[in-house]
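All remarks here apply to the structure that follows.
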Amino acid sequence: MAPITHGYRRIPVLQIRNDVYCDTQAILDELERRYPEPSLYPARRGSSKPDYALYDITSQWVQQTLFRASWSQMPWDPTPNEMKASPLAATFGDQSFVSDRNAISKASPAKMRQLKPLLQDQFISGLDTIEAQLRPLQHEKEFGFFLETATPSMVDINVYFNMWYLIMTRAVPEIITMEAYPGILTWFKRMQGFIKSQKHRELDAVPITPEQALEVARQATAAGETTPAIRADRGIHLIHPAERLKVGDWVAVSPNDYMKDPMQGRIVGLSTRQIAIQPESLVQYPDVRVTIHFPRHGYFVKPVLKASL
C-alpha cells in the first residue's frame, strides 16, 4: 500500500481513484456521502431523525475499548488443531503477517498469549455490555439492529467485524456460547442474513493487484481529478474559531495510539471532523499524486516545515 498510503499501515483503507480514505470512520463517512440510502445513521425506533452523537460515541467505544480487548483474545500462534478447525485462525500463524503486526504494535505472539488471560475479564465485560443491548432484541422483527433500527447502522458494522473475527477463528468458543450470549449470536445471524441479502446477483468484488490500484491512481492524476470538497458536518462548524491549522499548511498526521508512523503532506481539506492532505509524489512514482483523508478524532496533526519533506 506504500505508494498509495505513504506509510499508513492500518486496515481497512478505501481507495477511490486517487483519493485514499484511512480509518473506518473516514471510510464510512465517505460512503455515507456518496450513497446516503440506505443510511449508516438510520432513525431509531420512535424517532424521525438520526442520533449522530450516539452513533459516533458508541462506535468510538467499540473501535477502541472493545477492539483492544477482542484483539487480545485472537488465536495468536495457533496450534495445528486450531488452524485445522478454522482456516482464518491460520492467518495468526502466518509468519509474514505476525512479523508485520509485531513490527507495528511491538506485541509478539508469545506476549499476546500471556496477555490473553489477563485481558479476558475486560473482554467479557465488553461482551456483557453488548449483550445487555441486544438480548431484548432477540425476537424483534422490525427494529432488530444494535440501536433499535430497521437496517444496520455504523455501530452494527463496527461491532460485527469484532464479533466476526472472534467467531470465525473460534478464538473463544467456551466464552461466546448461545447459552451465555443469545442476544449477540442472534444479532450476528441477523447481520449475516442482511449482508447476504445485499449482495448483487451479478456483480461481486473483484480482487486487484497493487500495480492495478496504482494504475487507477495514476490515471486519475493524469486526468486532473480533484478531491471532493469537505463540507460542514451536520450543520456544526466547518472550521472552529480556535482552529490552529488552515488549508495549505504542511503537516504530519499520525494515529495517537499505535502504528504512529506519520504521513506528511499539504492540507487540502479541513473540518472539525476530518482532514485531507496531499503528500509529495514519491520519487519512484512521480506521476501519481494522491489525497489522503483521515478523521480528526484519534489522530495527531503536527505542523512541519516543507523543507523537511
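Coordinate-derived values only; no laboratory data. Since we're looking at a predicted model, the values are computed, not measured. Here the Cβ positions follow ideal geometry from the backbone for every residue, glycine too, while neighbour counts run over all protein chains shown.
Some values worked out for this structure:
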quantity	calculated
Those aspartates and glutamates that a straight Cα-Cα span of less than 15 Å connects to Lys260, excepting residues fewer than 8 apart in one chain	Asp23, Asp100
Taking N as its residue count, the alpha carbon Rg of the range 38-198 over 2.2 N^0.38 Å	1.11
Under 22 Å from the Cα of Lys199 - lysines, other chains or at least 8 residues apart	Lys141, Lys189
Within straight-line cross-link reach of Lys116, lysines at Cα separation under 18 Å, skipping those fewer than 8 residues along the same chain	Lys106
Helix axis angle, 182-198 relative to the chain longest principal axis, alpha carbon, degrees	50 degrees
Bridge type composition, the chain - antiparallel percent by DSSP, nearest 5	90 percent
Helix axis angle, 210-222 relative to the chain longest principal axis, alpha carbon, degrees	40 degrees
Distance in nm between pseudo-label sites at Ser47 and Arg9 (7 Å out along the Cβ direction from Cα)	3.9 nm
Rel. contact order, % - alpha carbon contacts under 8 angstrom, at least six apart, the chain	21 percent
Residue-averaged 222 nm ellipticity for the chain, from DSSP H runs of 4+ at -39500 (n - 2.57), nearest 500	-12000 deg cm²/dmol
Centroid-to-centroid separation of the range 21-58 and the range 70-137 [C-alpha atoms, Å]	28 Å
Ratio Rg/Rh [Cα only; Rh per Kirkwood] for the chain	0.97
Length added when fully stretched, Ala222-Ile208, from 0.36 nm per residue minus Cα-Cα	3.0 nm
